[in-house]
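Worksheet for the structure shown next.
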Amino acid sequence: MNSTPFRLLGACIFLSALCAARAEGNLGRFTDHGDVGTVSKPGTVTFDAASGAYTVGASGANMWAKADAMQFVWRKKSGDFSIAADIAFVGTSTQPHRKACLVIRQNLDPGSAYVDVAQHGSGLTSLQFRDAADGMTKEIECMTDGPTRVRLDRIGDDIYLSVGYAGGKPAPSGASFRLHMADPVYVGLAVCAHDDNAFETAVFSGVEVGLASSDAAVAQPGLRVITLPTGDKRVTDH
């Protein structure tokens, strides 16, 4: 019996597995990436395995209203979990609403239901959400301006935002939103230039995707959420 075809088959299976492992390893904690929505310039992702940092670049008009345009690096997750990262924009920009985000989405459609924490170029940090497919986006503005480390915890149908600074543990911000999304969901990193003719880049470092923290759901004394004239909300301590 000629064993050569079996050896060749085994070699092919091994090489396929090796290529798949390398492809997955190139994105570290995530499995895939791509542009969501309409963008004028293809997005980019670079993963530095030595430092664990992701450099994500994108054009895109916005992550807001009824549809998003962004570069998204993702994996699928089910149940309770958290995602955290230090976020820093690369270079200066005149666009105050360029966004770098940690995102939990139902799917990859531009109008997908989602919740994210959006770091704006202006320093504004907000919990954004679209509670139905193709619905309008709303937000809860964080009281802390310009935190460098942010975390989302998904516990049941509740998403909690915690914020902090590099090297420290994020603390509950007082912002949360309840949104049912069927498992599995897409969780990951996203960047949007807020100007489809531009291209903005952000670095996500210290990225963690793991167990949800029950501390995220602890009520914060002295903090309350108020409704703004726009219908959006803001966390305040007075």
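A compact table of results
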quantity	calculated
Those residues of segment 198-226 whose amide nitrogen sits under 18 Å from the label point placed on residue 44, 7 Å along Cα→Cβ	198-205
List 199, 72, ordered by accessible area with a 1.4 Å probe, largest first	199, 72
Stretchable slack from residue 31 to residue 145, in nm (0.36 nm times residue separation minus alpha-carbon distance)	37.9 nm
Segment 62-103 residues near the modelled residue 55 label - backbone nitrogen below 14 Å, point 7 Å along Cα→Cβ	88-92
Cβ-defined net charge surrounding residue 184, 12 Å radius [Lys, Arg +1; Asp, Glu -1]	+4
Carbon and sulfur %, accessible surface of segment 167-238 computed with the full protein complex present, 1.4 Å	53 percent
Three semi-axes of the equivalent ellipsoid, segment 128-238, Cα gyration tensor, whole Å, largest first	21, 19, 18
Accessible area per residue, Å², segment 46-132 with all protein chains present, probe 1.4 Å	33 Å²
Prolate/oblate/rounded call for segment 61-135, Cα gyration tensor, a/c under 1.5 rounded	oblate
Helix-only mean residue ellipticity at 222 nm for the chain, each DSSP H run of n ≥ 4 adding -39500 (n - 2.57), per residue, nearest 500	-3000 deg cm²/dmol
Relative contact order, percent, segment 51-120 [alpha-carbon distance under 8 Å, six or more residues apart]	25 percent
Computed P(r) (all Cα pairs; the chain; 10 Å bins; percent)	8, 32, 35, 14, 5, 3, 1, 0, 0
Principal-axis tilt of helix 4-25 within the chain, Cα atoms, nearest 10 degrees	20 degrees
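The values are calculated or read from the model by the stated rules, or taken from the named source; none is laboratory data. Please read these numbers as outputs of a predicted model, since none were measured by experiment. Glycine gets a Cβ as well: all are built from the backbone with ideal geometry, and neighbour counts include every protein chain shown. Just so you know, the surface numbers come from the protein's heavy atoms only, side chains and all, with ligands and any DNA or RNA stripped out. Shrake-Rupley method; radii C 1.70, N 1.55, O 1.52, S 1.80 Å.
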